[in-house]
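In what follows, a structure is listed as structure tokens, so that the remarks can point back to it.
The values are calculated or read from the model by the stated rules, or taken from the named source; none is laboratory data. Note that the coordinates shown come from a computational prediction; the quantities given were computed from them, not determined experimentally. Virtual Cβ from ideal backbone geometry, glycine too; neighbours counted across all protein chains shown. Side chains are part of the model used for accessible areas, which takes the heavy atoms of the whole protein and leaves out ligands, DNA and RNA. Shrake-Rupley method; radii C 1.70, N 1.55, O 1.52, S 1.80 Å.
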Amino acid sequence: MPRHGVSSGQGRPRSGREQTLDRSLGAPSLRLLWMGLALALPDSQVLWAPAGAHPLPAQGHLAKFFRLAPQLREAFSWWNLTCPACKGLFTAIDIRLRNEASVAQVGSMAIKMCTLLKIAPPAVCQSAVQLFQDDMVEVWTRSVLSPSEACGLLLGSSCGHWDIFSPWNISLPAVPKPSPQPPVPPAPGSPVSRVLFLTDLHWDHAYLEGTDPNCENPLCCRQGSGPPPASRPGAGYWGEYSKCDLPLRTLESLLSGLGPAGPFDMVYWTGDIPAHNIWQQSRRDQLRALTTVTDLVRKFLGPVPVYPAVGNHESTPVNGFPPPFIEGNQSSQWLYEAMAKAWEPWLPAEALRTLRTGGFYALSPRPGLRLISLNMNFCSRENFWLLINSTDPAGQLQWLVGELQASEDRGDKVHIIGHIPPGHCLKSWSWNYYRIVERYENTLAGQFFGHTHVDEFEVFYDEETLSRPLSVAFLAPSATTYISLNPVSPPSLQGTVSTKSMATTPGALTWSWTTRPTS
């Protein structure tokens with residue numbers, strides 16, 4: 001998030017849950033580095049390994065590496081990699097990519113590096129590399145990073161200037177900002193709307209009762225996890241407090257129990273449908289999760305309109321959401337088309353059109369209220385496709401400004417839903433989003449996100465005094481237990497025809513908003 005104003009800011013380290021979630025594959029820059037290393041250097045020329053890497057038995061070319069390693073590790077360890085060596089390395093990467101290397105060569109060496117450095121168990125390394133290699137090589141070959149910029153990213157500005165995520169600005173209309181209006185509690189007896197908030201369901205189709213909930217893989221309690229040690233119980237029937245997702249029966253029980261909590265006027269569903277087995281997913285797996293859970297939601301919520309947002313786990317490889325200028329088989333069209341088909345009963349034609357283009361949409365659930373569903377994967381630090389160009393992917397933020405200005409002109413209020421909270425986004429994206437929130441504080445009545453799996457909120461402050469709160473983003477806890485969490489009943493949002501006010505009760509979130517200004 002920008003330099004001020006948000007409780008979960010850009011500088012805040014991610015939680016252990018989020019770090020573990022992506023641990024098997026590392027940050028985008030590291031994934032690219034391993035592929036670059038594998039591509040640029042044959043086995044006998046790998047000069048260094050991070051301290052603490054556990055060597056495999058020395059065979060063939062790797063034996064030469066281990067004979068060299070004791071002398072070279074101190075000088076060329078990860079944290080001590082020199083600027084000239086770094087630039088030489090990435091120059092070699094560019095040369096090999098443009099002249100010799102195939103995806104198969106990249107994948108073979110990346111598997112060796114992943115296994116050698118114990119980034120993940122060998123089977124996970126192999127499956128993950130095979131899943132990611134085509135997209136990662138495509139990104140690297142199309143990236144605007146020069147060797148100097150790559151080294152500036154890895155080693156700091158003293159080695160090179162990293163421009164790829166440099167500041168950029170969206171355009172705000174010249175229309176003057178209206179004077180901020182303080183919140184006014186709703187009048188007694190005001191009309192009420194009730195909204196169900198679902199997020200991070202994470203259905204694991206391979207969940208298996210009795211299996212090891214603490215296996216070596218990034219996700220357990222499933223076929224292939226093996227039995228637990230004799231001293232520990234296996235995975236439970238409904239789920240497990242460990243690094244496990246949920247069986248379908250648990251999600252069915254959750255949704256079937258919503259009847260007494262209703263009735264609901266609409267549902268906000270902010271993504272992450274598939275499980276965390278990100279090293280072995282296929283498009284078929286993702287689409288099965290999408291259609292199965294969508295059908296389940298529709299079965300138990302009946303005619304209630306559901307308004308979804310796209311999560312980072314909906315795609316495969318995970319976090320891989322190319323901007324619309326990436327066409328062909330590597331585009332996200334396969335996913336957006338399937339979502340449009342699955343969600344067509346809930347969304348009008350114009351919303352389906354922008355959903356098919358970029359995974360975002362806007363609609364009016366009722367007079368005076370505009371709902372905007374953002375594809376927050378276009379702000380994600382883990383979306384490796386943004387290494388090509390991160391400047392307002394798909395023009396989504398500029399589109400958001402247009403929607404908010406039109407709502408302000410009409411006197412409507414707006415809710416924004418999305419998966420990844422703005423405080424977890426790339427710096428320039430967050431900064432622009434922050435500007436938008438401040439400009440339209442009178443219009444924006446609520447923001448709702450998921451992703452972190454815990455009950456949190458982010459506060460936005462005015463830029464002049466840095467002391468006046470002007471908006472809140474609510475982050476709902478997950479349905480899944482991943483990792484070692486207690487699944488919660490979905491929060492409900494209760495809205496009235498009034499201005500912003502908020503109150504919480506155990507297991508529920510109550511929110512009041514203005515639909516139209518009163519005379």
For a 24 Å ceiling on Cα separation, which of these pairs sit above it: K177/K413; K112/K243; K299/K413? K112/K243; K299/K413
Quickly work out the N329-to-R353 label distance, labels modelled 7 Å from Cα along the C-beta direction, and quote it in nm with one decimal. 3.2
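Would you please calculate the Kirkwood hydrodynamic radius of region 247-286 over all C-alpha pairs and express it in Å, rounded to one decimal?
On the way: mean 1/r = 0.0787 Å⁻¹.
Kirkwood hydrodynamic radius for region 247-286: 12.7 Å.
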Along Cα→Cβ, 7 Å out, is where each label goes; now give me the distance between the ones at K299 and R284 in nm to one decimal. 2.2
Which ³J(HN,Hα) values, rounded to whole Hz and listed in residue order, are derived for region 222-237 from phi using the Karplus coefficients 6.51, -1.76 and 1.60 in 6.51 cos²θ - 1.76 cosθ + 1.60 with θ = phi - 60°, glycine and proline given as x? 8, 4, x, 6, x, x, x, x, 4, 7, 10, x, x, 4, x, 5
Note the full-extension length gain between V175 and N486 as 0.36 nm times their separation in residues minus their Cα-Cα distance, in nm to one decimal. 107.3 nm
Largest-first ellipsoid semi-axes for region 415-465, taking √(5λ) over the Cα gyration tensor eigenvalues, angstrom: 19, 13, 10
Tell me, what HN-Hα J-couplings in whole Hz come from the Karplus equation 6.51 cos²θ - 1.76 cosθ + 1.60 at θ = phi - 60° for each residue of region 450-457, using x for Gly and Pro? x, 6, 7, 6, 10, 7, 9, 8
Highest mean first, what order results for 200-211, 401-412 on Cβ atoms within 10 Å? 200-211, 401-412
Would you mind computing, in nm to one decimal, how far apart the modelled labels at A230 and A261 are, each placed 7 Å from Cα along Cα→Cβ? 4.3
First compute the accessible area of region 154-239 with a 1.4 Å probe, then give the percent of it belonging to carbon and sulfur atoms. 58
As an exercise, use a Förster radius of 35 Å and the Cβ-Cβ distance of Q405 and A123 to find the FRET efficiency, rounded to the nearest 0.05. 0.10
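How big is the Rg/Rh ratio for region 350-461, C-alpha atoms only, Rh by Kirkwood, two decimals?
With Rg and the Kirkwood Rh in hand, the quotient comes to 0.94.
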Compute the relative contact order of region 157-268 as a whole-number percentage, counting only Cα pairs closer than 8 Å that sit 6 or more residues apart in sequence. 26
Check which residues have an amide H placed less than 5 Å from S478's amide H, if you skip close sequence neighbours. H453, V454
Given backbone amide H placed at 1.01 Å from N, residues whose amide H is under 5 Å from that of H202, ignoring those fewer than 5 places away on the same chain, are I273
